[in-house]
Amino acid sequence: MSTPEFDQVLQVTPPRFTREEAFTIAAETFGVSATGVEDLGSERDQTLMLVGTDGPLAVMKISNPAEDPEVLDMEALVALHARRADPTLPVALPRLAPGHGSGDDPAAYRVRFDAEDGSHFVRMYDVLPGRGRFDATTLSDAAVSNWGQITARLGRATRGFFHSKAQRTMLWDVQHAPRTRALLPDVRDPGQRAMVERVLDRFDEVVAPVWPILRAQVVHGDLTVDNALIDDDGMITAIIDFGDMGHSALVTDVSSILDSLVVDREPEEIFRVARLVLDGYQRVTPLEPIELRILGELLATRSAVTIAISSWRVAKGLENAEFAGRYNGSVARTIEVILDAGWDEVARRLGSPGRPSPDLAERRTRALGPAMEPLTYEHPITMASARGVWMTDTEGRTYLDAYNNVPCVGHSHPRVTEAIARQSRLLNTNMRYLHAAAVELAERLIATCPPGLDTVLFVNSGSEANDLAWRLATTYTGNRGGLCTAMAYHGISDAIAPLSPETWPASRPPQHIEAWEPPDTYRGLHADPSVFAAALERLAARDHAPAAAILDAVLTSDGFYDLDPALVQTWVRLTHEAGGLWIADEVQGGHGRTGDAMWSFQRHGIEPDFVTLGKPMGNGHPVAAVITRREIAERFAEETVFFSTFGGNPVSAAAGLAVLDVLEDERVLPRVVLAGEALRAAIREVASRHPAIGDVRGMGLANGIEIVSGPASSEPDGAGAAAIKDRLREHGVLVGSTGHAGNILKVRPPLAFTTAEVPVFAAALDAALGAG
């Protein structure tokens, strides 16, 4: 097999000038008079420490005769560029040659010297503090993380640099690893040769196809313990060599530093140290998912390349065998650990999500216990990713999400995810410190509400928001009774679970709570205000005056009945007359879910005493709030002080602001109106062919499809609804179920749902009903 084509400098023996010749070269080129010299070792040039009577004077590099002078100019320019971009970055800078021009001319940093074997270029560098050629296993955890951080800073400092000579084929650059196959015959150890070949096969299979989409720029190319100096604490004091630089993927430097720092460690230590390096790196530059996914392959490839290149150089007589192969045994052990662990497991240990184990559902049951709500489907879906209204499982199947209202503006919305990540990298703290995001979020929420609602308290979930509203209500009124709809769900706290009949046990409901049946617009039931008045009377008969009544105005758990505004206004009036307050639970119906209003209570022309927010507020990030009147908050403050450790933290506030921005910028509410109307029309058209659908109702993107037992019957069919829900999953659409009998299909997709998805939903529903 022929030698592959690559940078000629690796194919020529480095210069080997004598001690006396080095003195002469230093004096004639840079005017440095040395009395001693130390060979620092190099595979491409001759690198010497020049020493005087008082100690080190300079580091002199005498180039290989095959070296391209423009490449040397590029090395000088990139070092100068990096120092300008990051003035505290410890980059070794070249000295200007006396009488050779200004610092703007890269040629002024090199001097030509002619010898018997050809022309050489001499460069001189200041001696920087620190020591080199150290044992990486002696580095502390803090030092290891610092190495990652310095690597990222170097990448950031050079990302604006380019030079025509950066497009080169350097074998140390892992993108050119396939070329090293030609060097395999020179790997004398058959075990090492086999491992290198396996790694190169994996590179071709997994890395090469994604290489074109990786972030790319000019990189150092060989940032290792050989090309850096450290202080007594192991922190980098100098980056001393850009000889292998080139244009490549940004993660090339990550693979180099990992390869250098994990050698000679125990298997578990390899991954622990690698994660510390990555922690340091990502403090500056977060890695993209695809970069994390292939880091194990890149680490193994870098190690394999080390073996191949060093073995080839020894076989060709280009380098001392002991010096060239000093790392081969160590990196071979690194490769062995990676291969033994398996590629997927390596990716997981380096921070990339791996494939779930086949016994995940069983592990869930063991770990989470019987009180946890069971999984939705008999054959559970393990989701891997989601975007907009589409979710993808670990098998690669995509589903239309018509169920999840939590990602309000769509799964993985870039405005929200970037706001969370950006603020998280910058600062996260609590409300004991002043920060603008929480104040702005509170102001913007207040601006969406009636004038009387002027005070915001931040918490972390809808349950907490409703719990806090309940505390405020009981404190303000002095009462302890509560009212809720017959199948409501408002949270899981000790105070709010009694106001959530959906989760009530079969025994007698709580004594201080009364539930009322909301109007059943399909069957014409419970439409009279007397139903609510009777609930108040039953509460009073048990000597409980109401502290508050709470309503999810889209009646998600009761079945998505569209309420008459006059009736809701009567409920509020009756509550106030009985001494209670009104809680508008907007966790389900808020943030534009109905399309015709920001908050569902606004459709009914009422002014509640509390507005509680949760799930959609941060698009899935845990953030929630209570909006109330100042007088209520003042009464509460007379008895206690409110504080939530995470409530209103900068990251949560950034998420909340981003959601509000998206709702406005994408004109989400008008889109919701159109999508909801189109969706209900399409479902009704499907219903005309399937008598199992008794009713189609809703508002905006909060909709219910009632499944009944027969053509002329309004009898709820919970089993039928469950079967249709399962068949919809088979046809790639996700919905839930709700209602007393569980017979109402719950259709409440993310608000990214548009008229474009309506035909997909309708076709799946038609197929699911037809399959029955």
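The values are calculated or read from the model by the stated rules, or taken from the named source; none is laboratory data. Predicted model only: the values in this text are computed from it and were never measured. Using ideal geometry, Cβ is built from the backbone for each residue, glycine included, and neighbour counts are taken over all protein chains shown. Protein only, heavy atoms only, side chains kept; ligands, DNA and RNA dropped before computing areas. Shrake-Rupley method; radii C 1.70, N 1.55, O 1.52, S 1.80 Å.
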Overall Cα dimensions of segment 682-772 - principal axes, largest extent first, Å: 34, 25, 21
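Rounded to two decimals, what ratio of Rg to Rh does segment 665-722 give with C-alpha atoms and a Kirkwood Rh? Can you show the working numbers first?
Numbers: Rg = 13.6 Å, Rh = 12.4 Å.
Reported Rg/Rh (Cα atoms, Kirkwood Rh): 1.10.
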Separation in nanometres of the label points that stand 7 Å from Cα toward Cβ, at ARG667 and ALA541: 5.4 nm
Portion, in percent, of the accessible area of the chain that falls on carbon or sulfur, probe 1.4 Å: 51 percent
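Quick check: convex hull of the Cα atoms in segment 131-185, volume per residue, rounded to a whole Å³?
On the way: hull volume 8.8 nm³, N = 55.
Here the figure is 161 Å³ per residue.
In µm²/s, what is D for the chain at 10 °C and 1.306 mPa s, where D = kT/(6 pi eta Rh) by Stokes-Einstein and Rh is the Kirkwood radius from Cα pairs? Please list the in-between numbers first.
Details: Rh = 30.9 Å.
The diffusion coefficient I find is 51 µm²/s.
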Cα-based convex hull volume of segment 586-632 per residue, rounded to whole Å³: 66 Å³
Size of electric dipole in the chain: Cβ of Lys, Arg +1 and of Asp, Glu -1, about Cα centre, debye, nearest 20: 720 debye
Two-decimal Rg/Rh across segment 434-505, once Rg and the Kirkwood Rh are taken from alpha-carbon atoms: 1.04
Overall Cα dimensions of segment 123-227, principal axis frame, Å, largest first: 41, 35, 32
Alpha-carbon spread of segment 461-604, three principal axes, descending order, Å: 38, 33, 31
Between segment 197-236 and segment 399-472, the Cα center-to-center distance that results, in Å: 40 Å
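Relative contact order for the chain: what is it in percent, counting Cα pairs under 8 Å that are at least 6 residues apart?
On the way: 1522 pairs, mean separation 78.3, N = 772.
For the chain, the relative contact order is 10 percent.
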Mean Cα-pair separation over length for segment 1-139, i.e. relative contact order, pairs under 8 Å, 6 or more apart, %: 21 percent
Among LEU769, ALA678, LEU657 the positive-end extreme of the charge dipole of segment 636-772 (Cβ point charges): LEU769
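What whole-number value in Å² describes the accessible area per residue of segment 435-544 for a 1.4 Å probe?
Working: 4660 Å² over 110 residues.
Dividing the accessible area of segment 435-544 by its residue count gives 42 Å².
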Shape parameters for segment 101-166, alpha-carbon atoms, Rg then Dmax in Å: 17.8, 49
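From the Cα gyration tensor of segment 634-691, with a ≥ b ≥ c the square roots of its eigenvalues, which class applies: rounded if a/c is under 1.5, or else prolate if a/b is larger than b/c, or else oblate? Working shown, then result.
Numbers: a/c = 3.95, a/b = 2.30, b/c = 1.71.
Cα axes put segment 634-691 in the prolate bin.
Cα convex hull of segment 535-694: mean projected area in nm², to one decimal?
Hull-based average projected area comes out at 12.9 nm².
With a 1.4 Å probe and all protein chains left in place, how much accessible area per residue does segment 678-753 have, in Å²? Spell out each step's value before the answer.
Numbers: 2420 Å² over 76 residues.
Spelled out: the 1.4 Å probe surface of segment 678-753, per residue, equals 32 Å².
Need one word for segment 509-549: rounded, prolate or oblate. Basis is the Cα gyration tensor (sqrt eigenvalues a ≥ b ≥ c); a/c below 1.5 gives rounded, then a/b vs b/c decides. Let's see the in-between values first.
Working: a/c = 2.86, a/b = 2.34, b/c = 1.22.
Here segment 509-549 falls in the prolate category.
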Distance between segment 558-596 and segment 10-27 - C-alpha centres, whole angstrom: 87 Å
Gap separating the Cα centres of segment 298-326 and segment 607-681, nearest whole Å: 60 Å
Calculated [θ] (222 nm, deg cm²/dmol) that DSSP helices of n ≥ 4 give over the chain, each run adding -39,500 (n - 2.57): -11500 deg cm²/dmol
Rounded D (µm²/s) - segment 36-161, Kirkwood Rh over Cα pairs, Stokes-Einstein at 25 °C, 0.890 mPa s: 150 µm²/s
Share of pairwise Cα separations in segment 210-325, more than 25 Å, in percent: 26 percent
Heavy-atom accessible area per residue - segment 309-382, 1.4 Å, Å²: 61 Å²
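Give the total of Lys-Lys pairs in the chain with Cα-Cα distances below 30 Å; include a pair only if its members are 8 or more places apart or on different chains. All intermediate terms of the calculation are to be shown ahead of the outcome.
On the way: LYS61/LYS165; LYS61/LYS316; LYS165/LYS316; LYS615/LYS725; LYS615/LYS746; LYS725/LYS746.
Count of close lysine pairs: 6.
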Kirkwood Rh in Å, taken over segment 509-590 so that all alpha-carbon pairs contribute: 13.2 Å
Calculated Rg and Dmax of segment 263-380 using C-alpha coordinates, Å: 20.1, 71
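For segment 480-529, what does the equivalent ellipsoid look like in terms of its semi-axes, each the square root of 5 times an eigenvalue of the Cα gyration tensor, given largest first in whole Å? Mind showing how you got there, number by number?
Numbers: eigenvalues 96, 25, 19 Å².
Over the Cα atoms of segment 480-529, the semi-axes work out to 22, 11, 10 Å.
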Computed over segment 381-517, the ratio Rg/Rh where both radii use C-alpha atoms and Rh is Kirkwood: 1.04
